[in-house]
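These notes are about the structure you will find just below.
The numbers here are math on the coordinates, done by the rules we state, and not lab data. Small disclaimer: the values here were computed from a predicted structure and weren't measured. Here Cβ is always computed from backbone atoms with ideal geometry, including for glycine, and neighbour counts include all displayed protein chains.
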Amino acid sequence: MRKIISFIVLGFILQPVFAQQKPKLVVGIVVDQMRQEYLYRFESKFGEQGFKRLMKEGFMLKNAHYNYVPTETGPGHASIYTGTTPATHGIIANNWYDRSTKIDVNCVGDSTQKPVGTDVGGQVSPMRLLSTTITDELKLATQKKAKVIGVSIKDRGAVLPGGHMPDGAYWYDNKTGAMITSTYYKQQLPDWVAKFNARKLPDTYLNQEWNTLLPINQYVESGPDDTPYEGKWSGKTTPTFPYNLTELRKKMGVYSLLNMTPWGNTIVADFAKAAVLAEGMGKDGVTDFLAVSFSSTDIIGHAMGPNAIEVEDTYLRLDKTLEDLFNFLDKEVGKGLYTVFLTADHAVAEVPQYMIDNNIPAGYFKPILVKTGLNEHLQKYFPGKTIVEEFTSEQVYINHQAFEGDPKASGIDLFVATELITKFLLNTEGVAQVFPATTLRQANSDEVGIRGKVVRGFHSKRSGDIAFVLEPGWFAWGGVTGATHGSGYSYDTHVPILFYGAGIPKGSSSQFHTITDISPTLSVLLNIKFPSGCTGQPITEIVD
């Protein structure tokens, strides 16, 4: 909201000057696995007060992209809120191989913490995030007076946006159906969270049938309801509507089933509203920050693929959930007194098998088979030695001890091994490019193209010795059903960025912007420091 200030000087009335008032509340919304294209494809069926409120009354970037690989949930949330890429913030994947412990680690895993609100799991914290977030900077700028809350189905969707010093981060427990946290944040659940859990909303939502919101013949934006490219739920012979949730939950996990339905998003919104009320967010002169991540879109999308009616129905229902959330904020905070941004942590590719069947280049890369063949190839040159220590996330970790522990070995041997692996991968079907770590460390961080995205996703201490990129349409995942993401190609990088509310003009832009531009834009709007590792730039179409 802008206050109009007029000045009278020597009898003349000067033109009004607009003094920007800071929003009472910032609401960051991340829709897991959302394409920019969905805004257009489903637009005719959206209501006027959900996605369309942001599109028509706010500011929409039409050409916003991720500028690194891999395009995954953990790195996505970290990059949105830090304003930088994995090369700086250190969240290089959802999980990665840790050389020091020689095990895979989770991006928010922290064995020093314990779960709060459940008995198993929940050992998480933001300790692997190496730079500050916009939420951290808001805390620092207000001497910790600002309230910051992160909410999601997934732990990483709540933890990373909340930053290092939030008032709380909460996520869904598949075993109990409760919203939980960890000892990093709380020693016990606040009373309002315990009361929320006591409502047993998952039981309410799962005690029904999931059928299409509209008559199924109106879903012309999607493919047929029954296709060979969609995953089948346990207990169903076809991937088709309706879904009897009461019966299916007995076979698919009493509470984990909620994640695979649109009501996984609903319960996140329910909890977000409860947090606003209980924590008094947006009620004083200090800007607060609510970070909300909707994950069911991703879980359903992985299982069904982007052309499934299940995906379209999920977005139509999410549209109504957003409408309800915005109406709630209008009432509790005040229309025009809060700022919203909505984006995605990544987009999604088509189902590779669907592309293959329609004569479009695509394929399935088999990491286990390639790793086996690579080790056999290296045995010819280094008999008796295990050269490849780990082969994961399109990264090759070389066993340096195989050279360091051998008095006959030298730096030349490591160089030779690197060259052998590079050439082997380049001759492997589905591999487009291969980049040794030495090349990536010497590269410029503002390089364009796929190599630039690899550079910005490469962390010298956490990434492997060799990174490789698959051809467009190729994935190291799954079978003939469902879809995934992770690449640096446009189908995975092109996501929505919408701003709405206090301080946001109406309009749109087709100028290229990166996901890392969100946080510095918020910094300018809030008059606070940029996050510590920020490499993005303010969106001038909004702030100037």
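Here are the numbers for the structure shown:
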{"read-out": "Amide N of the range 492-536 lying under 16 Å from the label point, which is placed 7 angstrom from the Cα of residue 358 along Cα→Cβ", "value": "492"}
{"read-out": "Per-residue HN-Hα couplings for the range 78-91 [Karplus 6.51, -1.76, 1.60; θ = phi - 60°; Hz; x = Gly/Pro]", "value": "5, 6, 4, 8, 9, x, 9, 10, x, 4, 10, 7, x, 8"}
{"read-out": "Chain lengthening between residue 423 and residue 112 when straightened (0.36 nm per residue, less Cα-Cα)", "value": "107.8 nm"}
{"read-out": "Selection of trypsin sites (Lys or Arg not before Pro), the range 383-442, meeting DSSP coil and at most 12 other Cβ within 10 Å", "value": "408"}
{"read-out": "Cα-projected label distance for residue 328 with residue 448, points at 7 Å along beta-carbon direction, nm", "value": "4.4 nm"}
{"read-out": "Charge dipole (the chain, unit charges on Cβ, about Cα centre) - positive-most of 85, 464, 189", "value": "189"}
{"read-out": "Coil-residue GluC sites (Glu not before Pro) of the range 43-72, DSSP, other Cβ within 10 Å capped at 16", "value": "48"}
{"read-out": "Restricting the range 415-471 to GluC sites (Glu not before Pro) in coil, as DSSP defines it, with at most 16 other Cβ within 10 Å", "value": "429, 447"}
{"read-out": "Label-point separation, residue 175 to residue 192 (7 Å along Cα→Cβ), nm", "value": "2.8 nm"}
{"read-out": "485, 164, 513 arranged by Cβ crowding within 10 Å, fewest neighbours leading", "value": "164, 513, 485"}
{"read-out": "Residues in the range 368-397 reached by a label modelled at residue 471 [backbone nitrogen below 17 Å; 7 Å Cα→Cβ]", "value": "370"}
{"read-out": "Which of 396, 543, 448, 159 has the fewest Cβ neighbours within 10 Å, and the rest in rising order", "value": "448, 543, 396, 159"}
{"read-out": "Residue-averaged [θ]222 nm for the chain, counting only DSSP H segments that reach four residues, each worth -39500 (n - 2.57)", "value": "-9000 deg cm²/dmol"}
{"read-out": "14 Å beta-carbon shell around residue 356, net charge (K/R +1, D/E -1)", "value": "-4"}
{"read-out": "Extension gain (nm, one decimal) between residue 164 and residue 490, 0.36 nm per residue minus Cα-Cα", "value": "114.2 nm"}
{"read-out": "Tilt relative to the chain, helix 367-379 - C-alpha long axis, 0 to 90 degrees, to 10", "value": "30 degrees"}
{"read-out": "Estimated inter-spin distance, residue 368 and residue 278, nm [label 7 Å along Cα→Cβ]", "value": "4.3 nm"}
{"read-out": "Sequence-distant residues sharing a close amide H with residue 26 (under 5 Å, placed H)", "value": "288, 289, 290, 339"}
{"read-out": "J(HN,Hα) series, the range 457-469, from Karplus relation 6.51 cos²θ - 1.76 cosθ + 1.60, nearest Hz, glycine and proline x", "value": "x, 9, 10, 4, 8, 10, 7, x, 7, 9, 10, 9, 10"}
{"read-out": "Label point at residue 506 placed 7 Å out along Cα→Cβ; residues across the range 322-349 whose backbone nitrogen lies under 15 Å", "value": "336"}
